[in-house]
Amino acid sequence: MDNFFSGFHLGSLVSKWKWHLLIIAIIAGITGYVVSRPFVIKPKFKSTAIVYPSNIAPYSEENETEQMIQWLTSEDVRDSVINRLHLDKHYGIDPSYVYYASSMDYLYNKNVSISKTPYLSINITATDTDPKIACAIVNTIIKFTNLKIQNTHKEKFEEALTAFDITLDLKKKEIDSTRNLLNLLAAGKNISPNLAHYMDVRGIPGSENISSNTTALKQEKAGDLYFLTFRLQTLIDEYSVIMKSYNIAIFDCNRDQTYLNLITKPLVADKKYWPKGSFFVPVFTLSALLLALLVLAIVERYSQRKSN
């Protein structure tokens, strides 16, 4: 390129054709301004929300922000937003179109941006030709993300409740069995064989030494009473601890909570985001001037060779 321009000075070229270049620059600038008008390129509007994750715990080495981004960008949330706002109709994509899914995925990802900020908050941005739709997309993403996390957590709490129900039922049966043995013993019944069985099925040391002899039973009654009383209290304490956890699980399962703290609320934009005249005018002007200089350089080079 240096050889191409070596036959003349760029400054002299600009000086010689300055009026032509000025006219070209003006025309290009006007063209860029016209191209950026709504009647040429349909304007797009932007709506943005900034959120912080809350009430979640990371599953692995990821932090809460990274985990929340996974929720926000999940297919379930995306499909819910598309269906709720009828974005396929808004984008003009027929559900019977063979590439419907990939087209919707492309348009959604093109118009929706979810990213982490330097302050570990999350920026949710949507662009659309309708400012109300752009704002609705952001709000709907937040809504369905909260709902998805809540439903997922509820499923886990319901699983825990089922396990608690089984554990509490077994513990209650054990308490009833111990209480019945204690009541029989307190009533003066000879129940050491039953107690022996009670101890044996639980693998309690010493059950093999319990005799079925009536005299031995009377001698061991005090020890049996102490053991059953202590065992009953232990079972009741264990039942109370499990019941406390059970009640907490019920509370967590039934409560409605959000998982995104809204720092910046999405708004309906009153000014277009794209296209911008401040971008098209200088780009068109510089491009036209560079092209004009290249053409003029070629003409000047050709003229020099022809005159020689």
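Using 0.36 nm per residue of separation minus the Cα-Cα distance, give me the extension gain between GLU159 and GLN70 in nm, one decimal. Before the final figure, lay out the partial values.
Numbers: separation 89, 0.36 × 89 = 32.04 nm, distance 2.33 nm.
Stretched out fully, the GLU159 to GLN70 stretch lengthens by 29.7 nm.
With θ taken as phi - 60° and the coefficients 6.51, -1.76 and 1.60, list the Karplus ³J(HN,Hα) couplings across the range 85-90 in order, rounded to whole Hz; mark glycine and proline as x.
Here the 3J(HN,Hα) series is 9, 6, 5, 4, 5, 5 Hz.
So how much slack lies between LEU10 and SER303, counting 0.36 nm per residue of separation and subtracting their Cα-Cα distance, in nm?
Details: separation 293, 0.36 × 293 = 105.48 nm, distance 1.56 nm.
Full-extension gain reported as 103.9 nm.
Would you mind getting the accessible area per residue of the range 1-136, heavy atoms of the protein chains only, 1.4 Å probe, in Å²?
Details: 8310 Å² over 136 residues.
Result: 61 Å² per residue.
When a/c is below 1.5 the answer is rounded, else prolate if a/b is larger than b/c, else oblate, so apply that to the range 35-113 with a ≥ b ≥ c taken from the square roots of the Cα gyration tensor eigenvalues.
Values: a/c = 2.96, a/b = 1.62, b/c = 1.83.
Because a/c hits 1.5 or more and a/b fails to exceed b/c, the range 35-113 counts as oblate.
Using θ = phi - 60° and the Karplus form 6.51 cos²θ - 1.76 cosθ + 1.60, what ³J(HN,Hα) does each residue of the range 154-160 get, whole Hz, x for Gly and Pro?
Once rounded to whole Hz, the list reads 5, 4, 5, 5, 5, 4, 5.
According to a simple spin-label model (label point 7 Å from Cα along Cα-to-Cβ), what is the distance in nm between ASP94 and VAL34?
Each label point lies 7 Å from its Cα, and together they span 3.6 nm.
Which value in Å does the Kirkwood hydrodynamic radius of the range 25-79 take, with 1/r averaged over all unlike C-alpha pairs and then inverted? Don't skip to the answer; put the middle values down first.
Working: mean 1/r = 0.0647 Å⁻¹.
Here the Kirkwood hydrodynamic radius works out to 15.4 Å.
Could you list which residues have their amide H under 5 Å from that of LYS44, counting only those 5 or more apart in sequence or on another chain, with H placed in the peptide plane?
For LYS44, the qualifying residues are TYR273, TRP274.
As a test of understanding, state the convex hull volume per residue of the range 77-176 from its alpha carbons, in Å³. Each step should come with its number before you reach the end.
Values: hull volume 15.6 nm³, N = 100.
Roughly 156 Å³ of hull volume per residue.
Step through the residues of the range 171-177 one at a time and calculate ³J(HN,Hα) from phi using the Karplus curve (6.51 cos²θ - 1.76 cosθ + 1.60, θ = phi - 60°), rounding each to whole Hz and writing x for Gly and Pro.
5, 5, 5, 5, 5, 4, 5
What number in nm² do you get for the range 58-97 if you take the convex hull of its Cα atoms and divide its surface by four?
Values: hull surface 15.0 nm².
Spelled out: convex hull of the Cα atoms, projected over all directions, averaged, 3.7 nm².
The values are calculated or read from the model by the stated rules, or taken from the named source; none is laboratory data. Please read these numbers as outputs of a predicted model, since none were measured by experiment. In this analysis, Cβ positions are derived from the backbone assuming ideal geometry, glycine residues included, and neighbour counts consider all displayed protein chains. Just the protein is used for accessible areas: all its heavy atoms, side chains included, with ligands, DNA and RNA removed. Shrake-Rupley method; radii C 1.70, N 1.55, O 1.52, S 1.80 Å.
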